[in-house]
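This report refers to the structure that appears directly beneath it.
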Amino acid sequence: MLTIYTDDHHLHHGKHELIGGQFTPCFEKPSRADMVLDRAKAVKLGAIQAPTDFGLSPILRVHSEGFVNFLQNAWSDWQAKGRSHDMLPIAWPTRRLRQVEPTDIDGRLGYYSFDAGAPITAGTWQAITSSANVALSGQAELRKGARGIFSLCRPPGHHAAADYMGGYCYLNNAAIAVQAMLDAGAKRVAVLDVDYHHGNGTQDIFYDRADVLFTSIHGDPRFEYPYYLGFADEKGLGAGAGFNFNYPLASGSDWSAWSLALLDACRQIAEYAPDALVVSLGVDTFKEDPISQFKLDSPDYLRMGEIIGKLCLQTLFVMEGGYAVEEIGINAINVLQGFDS
Ligand code: SP5
Ligand code: ZN
C-alpha cells in the first residue's frame with residue numbers, strides 16, 4: 001500500500017495540554033508519526049510519497065472562512081501581543097453567551113475552539129495545511145484506481161468541525177478528503193471512525209447530508225472525551241437523517257465487544273453502497289494507550305483491517321490518534337496489512 005507522508009508535521013510540537021487540571025506534556029507529539037513511518041518502512045508496506053499542495057480551496061469546502069483565517073493568522077496575532085509561548089484558550093462561548101467573533105486574539109482563540117488540548121505554535125499552520133495535503137493527495141491517488149491508500153496525517157483531524165478546533169485537531173483531514181472525493185464525482189462516501197474518541201468534528205460537518213455516511217466506534221461520551229457528542233441516538237438531521245451511526249462502548253471494552261460494533265458498522269456501510277470509504281484510523285483503542293480505556297491488543301488490528309477489507313471498497317486510511325508511541329507503528333500498520341491480506 002502506498003503511504004503519503006511529509007516531515008512537515010515536525011513543525012507542530014506543542015509543549016503542554018491541560019489534563020486533570022495540570023499542564024501535561026502533549027501526548028500528541030512528532031514521534032507518533034515517526035514511529036508509524038518507521039514501521040511502514042520496516043515491513044515494506046509500499047512506497048512512501050510526498051504530498052502535493054492543493055491550496056486553500058479544498059480546505060474551504062469544509063471549513064469556514066473565518067476559522068481558516070483565524071488559524072492562518074493566529075500565531076502572528078499572538079506574537080503581536082509580545083507572546084512567544086504556545087497558544088491555549090482561556091474562555092469559551094458556552095450556553096447563553098454571544099456567538100460573536102471578538103477582535104482580540106484570546107477571544108478569537110476561545111471562539112474557534114472547544115478545549116485547551118490543542119496548542120497553536122509557530123509551525124502549526126504549515127503542519128496542519130501539510131497534513132490536509134497528505135489526506136488530499138491520498139484521495140487523488142485513490143482516484144487513480146488503488147484499492148487502499150494510507151495518508152499518514154499529523155496533526156490528526158477528526159475533532160475539528162467546520163469552525164472549531166480541539167482535541168489535538170485543527171483541520172479535519174478526513175472530512176477534507178471526503179469532500180474532495182465528492183467534488184471529483186463520487187456520489188456517496190462512507191466514513192468509518194475507529195479512533196477511541198468520537199469523531200465529533202466529522203459527524204458535525206456531515207450531519208445534515210445524505211451523501212456522506214458517518215459511523216464511529218468510541219468510548220461512551222457519558223464517561224469519555226469529547227463528552228458532548230457521540231451518543232447512539234444521534235442519527236443525522238434533515239436530509240442526513242439515517243446516515244449517522246454511533247457505537248458508544250463501555251470503558252474496558254476489548255476486541256469481543258469492539259468487533260461486534262465494527263461488524264454492525266460494516267453492515268451499514270455495505271448497505272449504503274458508497275463509491276469509497278474513508279477510515280479515520282486512530283489506534284488509541286490499544287490496551288496500553290496512556291489516555292484511553294479500551295483493551296485492544298496488537299493482533300486485533302490485523303483482524304480489524306481484514307474485516308474492513310472484506311467490504312471490497314476503495315479505502316483511504318487517514319491517521320488520527322494513538323498515544324502508546326512504542327506500539328503505534330505496529331498497531332496502525334497491522335490494520336493496513338490486515339486490509340491488504
Ligand atoms: C485525535 C485524538 O485522539 N484526540 C484525543 C484528544 C483527547 N483529549 C483529552 C484527553 C483526556 C484524557 N483524560 C484521561 C487521562 C488519563 N490519565
Ligand atoms: Zn482519539
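Numbers at a glance
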| read-out | value |
| --- | --- |
| Residue in the range 224-231 that is within 22 Å of VAL189 (Cβ to Cβ) and without any contact (Cβ under 8 Å) to a residue 40 or more places away in the chain present | yes |
| Residue check, LYS235 out of contact with any helix residue (DSSP H, G or I) (no Cβ under 8 Å at 6 or more places or on another chain), free of Cβ contacts under 8 Å to residues at least 12 places away in the same chain and surrounded by fewer than 23 Cβ atoms within 10 Å (Cβ to Cβ) | yes |
| Residue list for the range 162-207, restricted to those being farther than 20 Å from ARG32 by Cβ, more than 16 Å from ligand 2 (Cβ to nearest atom) and among the small types (Gly, Ala, Ser) | ALA162, ALA180, ALA184, GLY185, ALA186, ALA190 |
| Extreme residue, nearest to ligand 1 (Cβ to nearest atom), among residues of the range 1-23 that are in a loop (DSSP other than H, G, I, E, B) and closer than 18 Å to THR315 by Cβ | TYR5 |
| Any hit, the range 249-257, residues being part of a helix (DSSP H, G or I), more than 19 Å from the chain's Cα centre (by Cα) and in contact (Cβ under 8 Å) with a residue 40 or more places away in the chain | yes |
| Set TYR225, TYR196: member being more than 24 Å from ILE307 (Cβ to Cβ) and either buried (at least 17 other Cβ atoms within 10 Å of the Cβ) or over 20 Å from the mean Cα position of the chain (by Cα) (or both) | TYR225 |
| Residue in the range 97-145 that is farthest from THR3 (Cα to Cα), counting only those that are in contact (Cβ under 8 Å) with a residue 24 or more places away in the chain and among the β-branched types (Val, Ile, Thr) | ILE105 |
| Helices (runs of 4 or more DSSP H) completely within the range 24-96 that count 2 or more residues being in contact (Cβ under 8 Å) with a residue 24 or more places away in the chain and touching a Ser or Thr at 6+ places or on another chain (Cβ under 8 Å) | 30-42, 65-79 |
| Yes/no for SER137 being polar (S, T, N, Q) and either within 16 Å of ligand 1 (Cβ to nearest atom) or surrounded by fewer than 20 Cβ atoms within 10 Å (Cβ to Cβ) (or both) | no |
| Criterion: surrounded by 14 or more Cβ atoms within 10 Å (Cβ to Cβ) and away from ligand 2 (no atom under 16 Å from the Cβ) - qualifying residue of LEU97, LEU71 | LEU71 |
| Failed criterion for ALA241 (all others in (1) small (Gly, Ala, Ser); (2) in contact with an Asp or Glu (Cβ under 9 Å, 6 or more places away or on another chain); (3) within 16 Å of ligand 1 (Cβ to nearest atom) hold) | (3) |
| Qualifying position, being part of a loop (DSSP other than H, G, I, E, B), touching a helix residue (DSSP H, G or I) at 6+ places or on another chain (Cβ under 8 Å) and in contact (Cβ under 8 Å) with a residue 12 or more places away in the chain, among PHE317, PHE294, PHE339 | PHE294 |
| Among (1) within 18 Å of SER57 (Cβ to Cβ); (2) within 15 Å of ligand 1 (Cβ to nearest atom) - the single one MET165 does not satisfy | (1) |
| Any hit, the range 127-145, residues being among the β-branched types (Val, Ile, Thr) and not in a helix (DSSP H, G or I) | no |
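Where a number appears in this text, it was derived from the coordinates with a stated rule and is not lab data. The structure presented is a predicted model; accordingly, all values stated were derived computationally and were not measured. Cβ sites come from the backbone with ideal geometry, for glycine too, and all protein chains shown count toward neighbours.
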